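The values are calculated or read from the model by the stated rules, or taken from the named source; none is laboratory data. Nothing here was measured: the structure is a model prediction, and the numbers come from that model. Cβ sites come from the backbone with ideal geometry, for glycine too, and all protein chains shown count toward neighbours. These accessible areas exclude ligands, DNA and RNA; they are computed on the full protein's heavy atoms, side chains included. Shrake-Rupley method; radii C 1.70, N 1.55, O 1.52, S 1.80 Å.
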Amino acid sequence: MKIDTSTLELNKLSKNKEEIEQLFSSLNFILTDDSKTNLEEEKQFLEEELKNIIKIRDEKEKVLAQRDNLQKELNTKQTLVSQNEQELYKLKSSIEQLQNEQTQNISKKQSLEEELSKVYSQYELIFDEKFEEHFRTIVEKKDSFIKNETLKKRV
């Protein structure tokens with residue numbers, strides 16, 4: 001029984017060997033004593049290539065991560081620049097508006113000064129840089145006059 005099992009096992013291995021030899025011959029692969037050495041060298045070469053590919057892939061992933069970070073940083077800075085440009089445009093518009101208002105106010109002031117000068121000249125007063133002082137004096141005199149008139153009426 002042991003012999004039969006061994007014989008069957010031997011036949012099976014022999015059949016497997018023939019199949020492998022047929023496969024090798026169909027691929028034009030000839031087994032020699034150097035074949036094992038050649039296969040080992042090829043295996044080592046392919047393992048080195050695989051290590052290089054893995055190393056290159058890792059470097060590529062690092063570079064891609066760096067690129068993504070730099071892109072995010074660029075986007076952030078572009079957003080800030082855009083916001084600053086908008087703020088600058090708003091400030092420029094405000095400055096232009098204030099300059100226009102200032103021009104209008106200067107024109108109004110000149111017009112009012114001309115009118116005041118005419119009114120002052122009707123009363124033979126001089127309208128100059130001291131007109132505020134003169135105006136206060138006139139208002140004080142008016143207030144004093146009114147006060148005196150009120151006191152006279154009470155007495």
Across 10 Å bins from the origin, how do the percents of Cα pairs in the stretch 42-121 run, short distances first?
15, 16, 14, 12, 10, 9, 8, 6, 5, 3, 2, 0
Among 85, 114, 132: highest mean-square fluctuation, GNM of the chain, C-alpha pairs under 10 Å
132
Which of these values of Cα extents along the principal axes in Å was calculated from the structure shown: (i) 96, 36, 25; (ii) 158, 37, 21; (iii) 45, 34, 24?
(ii)
Degrees between helix 2-26 axis and first principal axis of the chain (Cα, 0 to 90, nearest 10):
60
Among residues other than residue 84 whose Cβ falls under 11 Å from its Cβ, what is the net charge (Lys/Arg +1, Asp/Glu -1)?
0
For the pairs 109/141; 17/51; 118/141; 118/142; 15/43, flag any whose C-alpha to C-alpha distance is greater than 29 Å.
17/51
Heavy atoms only, probe 1.4 Å: what % of the accessible area of the stretch 14-114 goes to carbon and sulfur, would you let me know?
53
I'd like the accessible area for residue 138: 1.4 Å probe, protein heavy atoms, all chains in place, Å² to the nearest 10.
80
Given Cα positions, please report Rg to Rh for the stretch 61-102, the hydrodynamic radius being the Kirkwood one.
1.44
Name the aspartates and glutamates eligible as straight-distance cross-link partners of residue 108: C-alpha to C-alpha under 19 Å, and not fewer than 8 places from it in the same chain.
96, 128, 129, 132
